[in-house]
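See below for the structure under consideration.
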Amino acid sequence: MSNTTSHLCRGLGAALLSLLLFGCTVTPTPLPESDHVDGSKQDRATLAIASEALSGPVTLSEATARAVRYNMDYRQRLMEESAATGQLNLAKWDMLPKLTLSAGYSARDNDAFSYGIQPDGTQTLNPTTAVERRHWTDSAVFSWNILDFGLSYYHAKSLADQTLIATERRRRAIQNITQDVRYAWWRAESAERLLPEIDKFLGEVDLTIARARLIENRRLLPPIQIIGYRRSLLDLAQQITLRRQDLAAAKVELASLMNLGPGTQYQVAVQPIARSVPDFAANADALENLALIHRPELREERYRTRVTDIEHTRARWATLVPGAGLDFGYYHDTNKYFVNNSWEQAGLSAAFDLVKVFSLPAIDRSFAAQKAVDETRRLALSSAVLTQTRIATVRFVLLKNEYAVWDEALHDDEQIIKYLQAANEIGLETELEIVRAKARRLITRINRDNVYAGLQAAMGRIQYSIGVDNLPVAAEADTTSALAKELSARISEFEAANFKEPVVLAMRAVQLVEPKGLSAEAAKAFTTALQRSLVMARISVIQTAERAGEAAASIEAQIDAQPGVDNAQMVRMTVRLLDKTGRPLLTGEQKSLLIEPIDDPQWSALGEGAGYRVIPTLQRYLGQPAIVR
C-alpha cells in the first residue's frame, strides 16, 4: 500500500509539472472563419428583430420613441446602469458576517511518527504518532471583523453613488438621442417632400439638354451659344445633385438612429409647407438656473464629489480603526487518535497598524487635492453649461431671422418664375432663364428647409441645454406608441412654456376699397395686382367685408380718363392712403399712357404702380409688417 501511494504522489507531481510547462507555451489561436460567419449572421438577426415593424409614415415623436427603445448607444448606457446596480447589490453582501464551510482529506504513504522530549531534556525511546495516515476534516466557522464591515459599508455607499452616476449618464444619452433625432427627422422630412420635386426638375433639365443637343446637331443656333447654354444647364444640375445627396443621407441617418436595418424603406410624415416660427418667450436667466439644476453632467459631478468624500472617510477608517474580529466555529476530524473528534471553538482578536497612522496627514492632503480638482472641474462645467444655454437661445433668434430671409427669397423666386413664364415670347435665352430661376427656387427651398431643421434643432437644443427630460427615466418599460405619446406631450408642454406663436395683429392690416372709374374686369385686374404688391412687401390685406372694421388703414384709387393721341389713352390715377379714422396719410397722383386696346396686363401694371406708391408710407405707419401666406 505504501508503494502504491508513493507512485500515486509521484504521478500527480509529474502531471502538475507537465501542466505548468504546457501553460507556459500557450500561443494565440484565432477563431475559425466559420465562427466569424455564424457570429455575423447571429448579430444581424438580433438587430433585425430588435425593433417593431413600421406601420406608416414616421412622426417626430414616434422616431424619437423608437430611437430611445432600440438605439444601441442608449441600450449600452442602460446596461451600464444595470451593471452598476448589480455591483451595489453584490457589495451589500460584503457587510454581512462570513460563514465558512470547509472539508478536506489528508493522506500520506507512511505514519507520522515522532520522538518526544521529556522535561529534563531527554528524548523518548519509542516514537509515537497522533495522526492517521488518512483522515477527513470538516468545519463551519462564523467570523466578523469590524474593519471589514466598515470598509464594506463605505464601499457600498460609493457604489450607490456610482449607480446614480450611471442613471445621469443614461439621462444624458436620452437627451442626446432626442436632440439628434429631432434634427435628423426634420431634415428627413424635407427630403421626403423635396426629393420628388428635385427628381422632376432633374428630368426637365435632362430633356432641355437633349433638346439643346438636337439644336446643335441641326445647327439652328451658333455652336458657342448652344454649348454655353448646355454648360449652364449642367452646372445647375450639378448644384441640385449635390444637395440631393445631402437630403438622401438625412433619411439614412434617421434610419440609423431608429435602429432600422440598412436599406429599409420608410416614409416620414410630411408637415405643412406653411410654417409659423414661434418667438422665444422664456427668461434666459431662469433657463440658466434650470440648467445648473437639471443638467446630467453637473449632477454627475456632484455625485463624484460625494464619492470623493466617501472614499476619504473610507481611507481614514482603514487607518484609524483597529481590526477587531470575532470567530466562532464547529470542527470535526475523523482522526481515530483524537480523544474528541468534534469540538467548538471561539475567539476574539484585535490588530492595529501603527505605521498607517503616520500616513493620515498624507491621506488628508491627497483627498483635499482631489476635492479641489472635483470642484474646479464642476465649476468649469457649470460655466460651459451657462455658455451653452446662452448660445442656444442666441442661435435660435439668429436662425429665426435667417429663416425669414430665406422664406422671403423663396417668395421672390416664385414671383420671378411667374413673370418669366408670362412673357409673350419664350426663346432659348428666356427658357434658360426659366430653368435657372427654377433651380434657384429649388436651391432656396432646400436652404430654407435646412434652416428650418436647424431652427427646430435650436429649439431642442434649448431644452437639451437646461437638462429637461423629454421621456420618463423608465422608458424601456413602455411601448413605442406610449412613449411617442408621452414625448409629444412633454415637448408641447416645454414649448408652450418657453415659446409663443407670433401674434399677427389685424390692426396692422390694410383694406382695399373698390377702385373708381373702372369696369368690373379692369377693377379686378387692378385690385389683384395692388394686393400682390402689398403681399410681396409683407403687408397683410383684409379681403372680407366682415373684417373691414379691423383694418388699420385703407387704400382708395380713382382712375380718370384724359385726352389721348392716336391709339393711346391717357389716364390719371389718384391714390389715397387713409388711417382707421379716415384721415389721409398720403395722396398721390400718377399719369400713365395706355395702348389701345387696353387689356388686363396694363391695368395690372397700373395697380402695381399704386401699390409701390403707398407701400413705403404704409410700412412706416404699420410698423413691422405681418407675413401673409
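Miscellaneous remarks
- Computed from point charges on the beta carbon alone (+1 for Lys and Arg, -1 for Asp and Glu), the dipole magnitude for region 506-622 about its Cα centre is near 620 Debye.
- In range of the label at ILE363: residues from region 275-314 whose backbone nitrogen is under 13 Å from the point 7 Å along Cα→Cβ: 310-314
- Rounded if a/c under 1.5, otherwise prolate or oblate - region 264-332, Cα gyration tensor axes: oblate
- Restriction of the trypsin sites (Lys or Arg not before Pro) in region 244-336 to DSSP coil positions whose beta-carbon has at most 16 other beta-carbons within 10 angstrom yields ARG275, LYS336.
- Contour excess over end-to-end distance, with Cα ends at SER492 and VAL252 and 0.36 nm allotted per residue: 83.7 nm
- With all projection directions averaged, the alpha carbon convex hull of region 506-622 covers 6.8 nm².
- Whole-number percent relative contact order across region 506-622, with pairs defined as alpha carbons under 8 Å at least 6 apart: 31
- Look at TRP185, TRP136, TRP406 and count the other Cβ atoms within 10 Å of each Cβ; fewest to most, that gives TRP136, TRP406, TRP185.
- Per-residue Cβ neighbour counts within 10 Å put VAL571, VAL270 in the sequence VAL270, VAL571, beginning with the fewest.
- A simple spin-label model places pseudo-atoms 7 Å from Cα toward Cβ; at ASN217 and ALA372 they are separated by 8.4 nm.
- Burial ranking of peptide ranges 349-357, 195-203 (average Cβ count within 10 Å, highest at the top): 195-203, 349-357
- Listed values for region 586-593 are Karplus-derived 3J(HN,Hα) couplings in whole Hz (6.51 cos²θ - 1.76 cosθ + 1.60, θ = phi - 60°), namely 7, 10, x, 10, 8, 9, 9, 9, and x replaces Gly and Pro.
- Partner lysines for LYS400 [C-alpha distance under 27 Å; skip if fewer than 8 residues away on the same chain]: LYS251, LYS438, LYS500
- Set of lysines near LYS371 by C-alpha distance (under 23 Å), chain-local residues within fewer than 8 positions excluded: LYS157, LYS356
- Estimated inter-spin distance, LYS98 and GLN42, nm [label 7 Å along Cα→Cβ]: 3.8
- Computed packing ranks the peptides 487-498, 376-387 as 487-498, 376-387, most packed first, by mean other Cβ atoms within 10 Å.
- Residues in region 157-171 carry Karplus couplings, in order, of 5, 5, 5, 4, 5, 5, 5, 5, 5, 4, 5, 5, 5, 5, 4 Hz; the curve used is 6.51 cos²θ - 1.76 cosθ + 1.60 with θ = phi - 60°, and Gly or Pro positions show x.
- Annotation: the residues PHE367, PHE113, sorted from fewest to most other C-beta atoms within 10 Å of their own C-beta, follow the order PHE113, PHE367.
- Computing FRET efficiency as 1/(1 + (r/R0)^6) for ASN335 and ALA140, where r is the C-beta to C-beta distance and R0 is 25 Å, gives about 0.85.
- Nitroxide proxy distance, nm - points 7 Å out along Cα→Cβ at TYR105 and MET536: 10.4
- Relative to one another, the C-alpha centroids of region 265-342 and region 107-160 are positioned 41 Å apart.
- Trypsin sites (Lys or Arg not before Pro) within region 205-239: DSSP coil, no more than 14 neighbouring Cβ in 10 Å: ARG218, ARG219
Throughout, read-outs are computed from the coordinates displayed, never taken from laboratory work. Treat the numbers as computed from the prediction; the structure is a model and nothing was measured. Note: ideal-geometry Cβ built from the backbone for every residue, glycine included; neighbour counts use all protein chains shown.
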